[in-house]
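Below is one structure, written out as structure tokens; the observations come after it.
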Amino acid sequence: MGLAASQARFLAITSRKASCEFQSMQVAQQQLSLSRDMEKISQEYQDAINQTQLVWDPDGNGTDLYNLSYSLMMSPSELNNYEPFMLGRRDGKIALNSSMAAAVKGLEQYGLTEDGFSGTSEQKLQAYAAFIGNLRNEKVASSSSVISYIPDAGLGGELYGREYGGAMTITSLISYIDIITSGAASGAYPVDSDYYKQAEDLTFAWGSYTKGTGTNPDVWTEFDLGENWSGVKDKGAAILINGNYNNDAFNLADLLNEDITLLVKDSKNYNTLLDSLRTVLKNSSDNSAFDTLINNDPKTWYDALNGSGSFDALDVSSKTLLTYVDTLAKGMFSLLMPKDYTSTDLNAFYMAMDDIISRLSMDKVNDLGGKGLSESNGKNAVQEAENYNTWVKKGNTYALSLSNLTEAFMTNFVNGMDSYTGSYGVFDKVKDTYYITDNPGYIYEVNSGEEIDKDYYESEFYSIIFNTICQNGWYENEYVDDKDYLDNAIKTGQLFVVSRGSDNYYYQERYININGGHIMENTDSDAIARAEREYTIKKSKINTKEEQLEIETKQLDAEIASLTAEYDTVKNLISKNIEKTFSLFNE
């Protein structure tokens, strides 16, 4: 090959080799870029695996989980146990979505503004009624439920027990009694409903007793109790609640929650009264007399046993004791006697009744000394009665703690139904007694009507929201219905969960600290599934491209190696041609 031809070939080889090397560099860059892409999608996939969403755990056991939403927290349901979990920002104002905000807008005329409530009690009732009406218009609250106002709901008031349905602790039982009796008194329940009837059975009233529909106030002859010390001397008896004279109606919950005492002037002979009560129990074999007690007022069944006009002839203290025992029997039977009760249950009831009847007798009295009839003796007798399950005497005044007798009855009744498996026992002195009510964790199986429970729950639910808004103020947050916003706002502390504390007031907390631990972070399985699909597709594309680039790289490397060999050969040939030419001309 001539020198000129060699040089031409050398230039061609050099150009092609440079081109291949440049292409090889480009392929290397593409491979590096693919490596970065693979690293990126791997990180995205890892982030997705670690991604969490907020979920709602109704019972705290971590098994049945639901996506957290504003509606779930702010609409009464079994999932939130009919208790609201509100959202509040740092200044305490409650976040309301558009529908909830629409329900409180325009209530300024009643004193409710975005800063809270500043009106009268009457205006507050008007504002609540308008609030519920607006919620119904917004299709938020049920139009069929009786949603009444509960003033202390969310403000320290005990809520109706939810944990066990018809089974309740003593605290929930007291709350249940208060709610249904106040509901019956306010007209929230129809007069023919189970709750109205049960509320009657649980209410102790002295004279002017309104039975049934309330159209016949004179079911039995009225009798007045002393409202002060002079009244005791004139009428012979008085009811004191926490040391204060009172002749208003009270319910079984008051007896369990307050100190209610009967104060009597001088010694009394209650033998006829007690014999009549025992007759009811002795005739229980055919249930006729017992049914008379359970289903009729005291005057009716007492006159049936002792002759017409017998009840009216009783002294005030006898009428009071008879009314107490009658209502205690009706209330406890309605509240705690199983619907399908056994002979054991019925015997437990009879024995508890018999124990109470025995304690009503003045044959056994704890004499505290003193002489005469005086106000100071009466006050001392009332105070000391709290320490006994029998009568106490101070001078010529006698006192009996009806609250203690009520706890004694419950102890004997429920303990008897449990076949006396507990360590509970009733003795003359309270210090020797272990009432069943002293055990805050004991569960009572309560006969509660099923058809109106939901109304109680909804009344408490919306009363809590309303009272919290009145106290803290509110603002409209149109984004809380968006799941992503809600999760992020709660996680980052932009919004706090406003939930019930141990004192039954509502406080702001980070979601991880709320009572019951209902809100928790959970792996987002949907996000992981999406990420897996995207990762698989992107990884497949990258792998395919890498394989193509690998082939190109091998081809280029082979061509470059071939060109390099030829490059060296031509270069040597040129060098020899040049050397040969110089040698020729030197000769």
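The values are calculated or read from the model by the stated rules, or taken from the named source; none is laboratory data. Keep in mind the model is a prediction, meaning the values are calculated, not measured. All Cβ positions, glycine included, derive from the backbone under ideal geometry; neighbour counts span all protein chains shown. Accessible surface is based on the protein model in full, side chains and every heavy atom, while ligands, DNA and RNA are left aside. Shrake-Rupley method; radii C 1.70, N 1.55, O 1.52, S 1.80 Å.
Worth a mention:
- 28 Å Cα-Cα reach of Lys139 towards lysines, excluding residues that sit fewer than 8 places from it in its own chain: Lys93, Lys105, Lys124, Lys454, Lys483
- A straight Cα-to-Cα reach below 18 Å connects Lys539 with the lysines Lys40, residues fewer than 8 places away in its own chain not being considered.
- Take Phe117: with every protein chain present and a 1.4 Å probe, its accessible area is about 50 Å².
- Peptides 435-447, 487-499 ordered by packing proxy, namely the average of other Cβ atoms within 10 Å per residue, highest first: 487-499, 435-447.
- Candidate cross-link partners of Lys554 among the lysines, defined by an alpha-carbon separation under 21 Å and a same-chain spacing of 8 or more, comprise Lys17, Lys541, Lys545.
- Pairwise FRET efficiency - Arg533 versus Lys429, Cβ, R0 = 56 Å, nearest 0.05: 0.15
- In the assembled protein chains, Val316 presents an accessible area of approximately 30 Å² (probe radius 1.4 Å).
- Rounded if a/c under 1.5, otherwise prolate or oblate - the range 370-457, Cα gyration tensor axes: oblate
- Approximate spin-label separation Gln30-Gln123, in nm, with each point projected 7 Å along Cα-to-Cβ: 7.7 nm
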